1. Out of the strands (runs of 3 or more DSSP E) lying entirely within the range 216-274, which hold 2 or more residues that are β-branched (Val, Ile, Thr) and under 23 Å from residue 132 (Cβ atoms)?
2. Residue by residue through the range 223-250, note down the ones that are within 15 Å of residue 140 (Cα to Cα), surrounded by 15 or more Cβ atoms within 10 Å (Cβ to Cβ) and either of a type in the set (A, V, I, L, M) or more than 26 Å from the chain's Cα centre (by Cα) (or both).
3. Of all residues in the range 294-341, how many are open to solvent by 10 Å² or more (accessible area, probe 1.4 Å), among the charged types (D, E, K, R), in contact (Cβ under 8 Å) with a residue 40 or more places away in the chain and over 15 Å from residue 70 (Cβ atoms)?
4. If you check 381, 372, which single one turns out to be within 28 Å of residue 4 (Cα to Cα), touching a helix residue (DSSP H, G or I) at 6+ places or on another chain (Cβ under 7 Å) and either in contact (Cβ under 8 Å) with a residue 12 or more places away in the chain or crowded, with 20+ Cβ neighbours inside 10 Å (or both)?
5. Quick check on the range 169-182: of everything there that is open to solvent by less than 80 Å² (accessible area, probe 1.4 Å) and without any contact (Cβ under 8 Å) to a residue 40 or more places away in the chain, which residue is farthest from residue 96 (Cα to Cα)?
6. Quick test of your reading of the structure: residue 346 fulfils all but one of (1) buried (at least 20 other Cβ atoms within 10 Å of the Cβ); (2) of a type in the set (Asp, Glu); (3) part of a strand (DSSP E or B). Name the failing condition by number.
7. Just a yes or no: is a residue in the range 102-114 among the polar types (S, T, N, Q), assigned to a helix (DSSP H, G or I) and over 30 Å from residue 226 (Cα atoms)?
8. How many residues does the range 355-374 hold that are modelled with pLDDT of 95 or more and outside any strand (DSSP E or B)?
Amino acid sequence: MFKVKTLNHISPSCKEIMTPDSYEIADDMANPDAIFVRATDMHNYEFNPALRCIARAGIGVNSIPLKRCSEAGIVVFNTPGGNANAVKELFLFALSMASRDLMGGMRWIYNYDNPDLPVEVAMEKIKKQFAGPEYYRKTLGVIGTGNVGSLVANIALDLGMKVYAYDPYLSVNAAWRVSRHVQRVENLDTLLKNCDYITIHTPLTDETRNMINAERISKMKDGVRIINYARGEVVDQDAIIDALHSGKVARFVADFPTARLCKEPNAILTPHLGGTTIEAEANCALMAAEEMDDYLRNGNIKNSVNMPDISMDRSGIARICIIHRNLPGMLTTLLPIFAKDQVNIENMTNKSRGEYAYSVFDINTAVDETVVNELQTIEGVLRVRVIH
């Protein structure tokens, strides 16, 4: 029986995989084998020794201490694409809000209080102040064309927009999803200077933090309209506020409100609703459950953000999984221990990712505790696990 702790509400769809006969799932649990998380900040979370993996039911993992997890031999998963359609649909709202002052118009309606002049008469006299451009035949720049950005680029074409796309890390799979009518650019500056609307769909990394800053905004068209459904920190807050004040940026639509941005009349803010649909939450929970289940039962890793992906069919009578540092000669250090203790390896695989590596051995002889202890004492080995 595996024990799974939930730090946030998780869609019951996860129970399609994590059935009661094999899993205990609760929000109050000591020494869990795995943790489900959506939005809780885990940087000060104390990991119990039995914790093997953490699954983020969503894409962003900046709330999880990845380095500390890696050093403890804890695999961290996310669910790329699980909420992509939900974010794409919210993008349609953002595009309209970035164009016309719909928010201002709605505020005027709900605050209207003149018994001498009916609202339906008064509105015809003032509605022009809420006008804005159509996005039909305008140019949209999509920064990042992964699971969400590719959908956004394609749907913008359907809306009659010309689309530029920039993604220096575009994978082959992602490239297949983007329409051939999207104009890919090799240089971000080319996108910035040519687009009427710019939408951001990148992960938050050291490279993308404050990617939209004063220098880059200065290269954009006057009156540009910017949409940020990536992460709040990819846009420099000081720079965007200054640009809103000067009119360089006509409107800024984002899913990441701050106290300062809330005071800006031309900032349209939603409370992190990008992946908040019933379907997206169910998709992400199911996807996370599948990832955790395959890792806990079989040692396979898919969609990890801190360890290499590995999938190997089971063979033999047991599987030994070793998380270790990516050091030269590590396999030549591990293998003699198997030979010395007469452990017969039927199949094996090894992959690395940055500083860390993962080795999986299927064996057809019984595993003695002595073997596990010897493996664990090797310098650079972070975790050893035996799966029967």
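The values are calculated or read from the model by the stated rules, or taken from the named source; none is laboratory data. If you're wondering where the values come from, they're calculated on a predicted model, not measured in any experiment. Here the Cβ is made from the backbone with ideal geometry for all residues, glycine too, and neighbour counts use every protein chain on show. Heads up: the accessible areas ignore ligands, DNA and RNA and are worked out on the full protein's heavy atoms, side chains in. Shrake-Rupley method; radii C 1.70, N 1.55, O 1.52, S 1.80 Å.
1. Output list reads 224-228, 249-254.
2. 224, 226, 227, 249, 250, listed by residue number.
3. Total meeting the criteria: 3.
4. 381
5. Keep residues of the range 169-182 that are open to solvent by less than 80 Å² (accessible area, probe 1.4 Å), which gives 170-171, 174-175, 178-179, 182.
So of that shortlist, the ones also without any contact (Cβ under 8 Å) to a residue 40 or more places away in the chain come out as 170-171, 174-175, 178-179.
Details: 170: 28, 171: 30, 174: 26, 175: 27, 178: 23, 179: 23 Å.
Checked the range 169-182; the qualifying residue farthest from residue 96 (Cα to Cα) is 171.
6. Among (1) buried (at least 20 other Cβ atoms within 10 Å of the Cβ); (2) of a type in the set (Asp, Glu); (3) part of a strand (DSSP E or B), residue 346 violates only (1).
7. Within the range 102-114 (the criterion being among the polar types (S, T, N, Q), assigned to a helix (DSSP H, G or I) and over 30 Å from residue 226 (Cα atoms)), the answer is no, since none of the residues qualifies.
8. 1
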